[in-house]
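Participant: Before I ask anything, let me first share the structure, which is written out below as structure tokens.
The values are calculated or read from the model by the stated rules, or taken from the named source; none is laboratory data. Because the structure is predicted, anything quoted here is derived from the model rather than measured. No Cβ is skipped: glycine too gets one built from the backbone with ideal geometry, and neighbour counts run over all protein chains shown.
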Amino acid sequence: MNDVGQRAHGPLGKVLVIIPTYNEADNIEPIVARVRSAVPQAHVLVADDNSPDGTGKLADGLAHDDDHVHVLHRKGKEGLGAAYLAGFHWGIDNGYDVLCEMDADGSHQPEELPRLLTALKNADLAIGSRWVTGGRVVNWPKSREMLSRGGSTYSRLLLGVPTRDVTAGYRAFRKETLLGLGMDDVASQGYCFQIDLTRRALATGYKVVEVPITFVERERGDSKMSRDIVAEAVWRVAAWGVGDRVQRVMGRRDTRR
Ligand SMILES: Nc1nc2c(ncn2[C@@H]2O[C@H](COP(=O)(O)OP(=O)(O)O)[C@@H](O)[C@H]2O)c(=O)[nH]1
Ligand SMILES: [Mg+2]
């Protein structure tokens, strides 16, 4: 382990909650309202990929009425990872110290964010986890649960990471963590994006903690999860696993690439 993990953790500072959206018109207003009431001091950034259903316009209305709400309009659908990277850069450039990831569809309950932020006080990355004791999922089809649990186990085995919920998308990062783990080299899309952030944070020596959450399946709108996103995760994790082993055999220390 690198020695970055040994340093003391400073106060959290300014918090930004990034919500990536693609066709979330039915969800965007309630989720932003819930974040604003659960963590009133936090700011919200909606990172919208020019949703055809007008989500971006609705978000503009929220931003007009509330100086804690901001909108990042992107040209078109480029995937969750690209939207988050743009959001992280926006947040860092605008002076935020903590960058949170949260889905728009209500699966990540804003009311649980204070627990993530409390955990981050003594960590570099806090992950809202379904698969640690106390974590659970509500209304999720058995097939999705098996895919998620299987994906985490597969990644743990191949990458040798201890994290139980490697693909989790409810997270709070310190700014220094994102800068230190080399976020601009994260090339992945959906689940893979989250797995890559996790393995890079651990390989860099950052302290990663998991906080149990209750993940609630969306009631409105459609999932953007696809076969391609799963396939990408399967091959990339296998490639990283092999790469890490080769590097270990060659005696290299940096296992991030
Ligand atoms: N900006 C942006 N957001 C996206 C994209 N794909 C998914 N999202 C958002 O990412 C979050 C999680 O997506 P979701 O479809 O719920 O995935 P699932 O929970 O794995 O089924 C939601 O807020 C989506 O609107 C994308 O290409 N661009
Ligand atoms: Mg979802």
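Participant: For the stretch 50-62, does any single residue satisfy the condition of being on the phi < 0 side of the Ramachandran plot, within 9 Å of ligand 1 (Cβ to nearest atom) and either of a type in the set (S, T, N, Q) or out of contact with any strand residue (DSSP E or B) (no Cβ under 7 Å at 6 or more places or on another chain) (or both)?
Facilitator: Yes - at least one qualifying residue is present in the stretch 50-62.
Participant: Among the residues of the stretch 180-197, write down those that are buried (at least 22 other Cβ atoms within 10 Å of the Cβ), closer than 14 Å to Glu101 by Cα and not aliphatic (A, V, I, L, M).
Facilitator: Selection gives Tyr191, Phe193, Gln194.
Participant: Filter the stretch 208-222 down to residues that are assigned to a loop (DSSP other than H, G, I, E, B) and more than 18 Å from Gln109 (Cβ to Cβ), then give me how many there are.
Facilitator: The total comes to 1.
Residue-by-condition table, conditions (1) within 16 Å of ligand 1 (Cβ to nearest atom); (2) closer than 22 Å to Cys100 by Cα; (3) not in a loop (DSSP other than H, G, I, E, B):
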residue: Gly151; (1), (2), (3): yes, no, yes
residue: Pro162; (1), (2), (3): no, yes, no
residue: Val166; (1), (2), (3): yes, yes, no
residue: Arg199; (1), (2), (3): no, yes, yes
residue: Lys224; (1), (2), (3): yes, yes, no
residue: Asp244; (1), (2), (3): no, no, yes
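Participant: With respect to Asp124, is the statement that it is buried (at least 20 other Cβ atoms within 10 Å of the Cβ), within 15 Å of the chain's Cα centre (by Cα), farther than 22 Å from Arg34 by Cβ and charged (D, E, K, R) true?
Facilitator: yes
Participant: Got a sec? Which of Ala104, Ala42 is more than 25 Å from Val137 (Cα to Cα), in contact with a strand residue (DSSP E or B) (Cβ under 9 Å, 6 or more places away or on another chain) and of a type in the set (A, V, I, L, M, F, W, C)?
Facilitator: Going through Ala104, Ala42 in turn, the sole match is Ala42.
Participant: Among the residues of the stretch 128-136, is there at least one that is in a strand (DSSP E or B) and away from ligand 1 (no atom under 14 Å from the Cβ)?
Facilitator: Looking only at the stretch 128-136, we keep the residues that are in a strand (DSSP E or B), and these are 128-129, 136.
From what's left, away from ligand 1 (no atom under 14 Å from the Cβ): 129, 136.
Yes.
Participant: Same structure again: Return the residue satisfying two criteria in turn: it lies in the stretch 90-99 and is of a type outside the set (Ser, Thr, Tyr) and away from ligand 1 (no atom under 13 Å from the Cβ), and of such residues it is farthest from Pro40 (Cα to Cα).
Facilitator: Out of the qualifying residues, it is Asp93.
Participant: Outside any strand (DSSP E or B) and modelled with pLDDT of 95 or more: is that true of Val44 in this structure?
Facilitator: Against the criterion (outside any strand (DSSP E or B) and modelled with pLDDT of 95 or more), Val44 does not qualify.
Participant: In addition: Under the condition of being in contact (Cβ under 8 Å) with a residue 60 or more places away in the chain and closer than 24 Å to Lys14 by Cβ, which residue from the stretch 38-81 is surrounded by the most Cβ atoms within 10 Å (Cβ to Cβ)?
Facilitator: Leu80
Participant: Looking at the structure I just gave you, is Arg245 more than 16 Å from ligand 2 (Cβ to nearest atom), within 22 Å of Leu16 (Cβ to Cβ), of a type outside the set (S, T, N, Q) and out of contact with any Pro (no Cβ under 8 Å at 6 or more places or on another chain)?
Facilitator: Against the criterion (more than 16 Å from ligand 2 (Cβ to nearest atom), within 22 Å of Leu16 (Cβ to Cβ), of a type outside the set (S, T, N, Q) and out of contact with any Pro (no Cβ under 8 Å at 6 or more places or on another chain)), Arg245 does not qualify.
Participant: Which residue is nearest to ligand 2 (Cβ to nearest atom), if the candidates are limited to the stretch 102-118 and must be in a helix (DSSP H, G or I) and within 18 Å of Thr167 (Cβ to Cβ)?
Facilitator: The selected residue is Glu112.
Participant: Moving on. Just for the stretch 204-222: of the residues that are charged (D, E, K, R) and within 16 Å of ligand 1 (Cβ to nearest atom), which one is farthest from Glu145 (Cα to Cα)?
Facilitator: Looking at residues that are charged (D, E, K, R) and within 16 Å of ligand 1 (Cβ to nearest atom), I get Arg220.
Participant: Right, next: What number of residues within the stretch 103-121 are loosely packed, with under 15 Cβ neighbours inside 10 Å and either farther than 11 Å from Ala38 by Cβ or within 16 Å of ligand 1 (Cβ to nearest atom) (or both)?
Facilitator: Number satisfying all stated conditions: 2.
Participant: Okay, next question. For residues in the stretch 215-235 being of a type outside the set (A, V, I, L, M) and more than 14 Å from ligand 2 (Cβ to nearest atom), which is nearest to the chain's Cα centre (by Cα)?
Facilitator: Taking the candidates together, the pick is Glu232.
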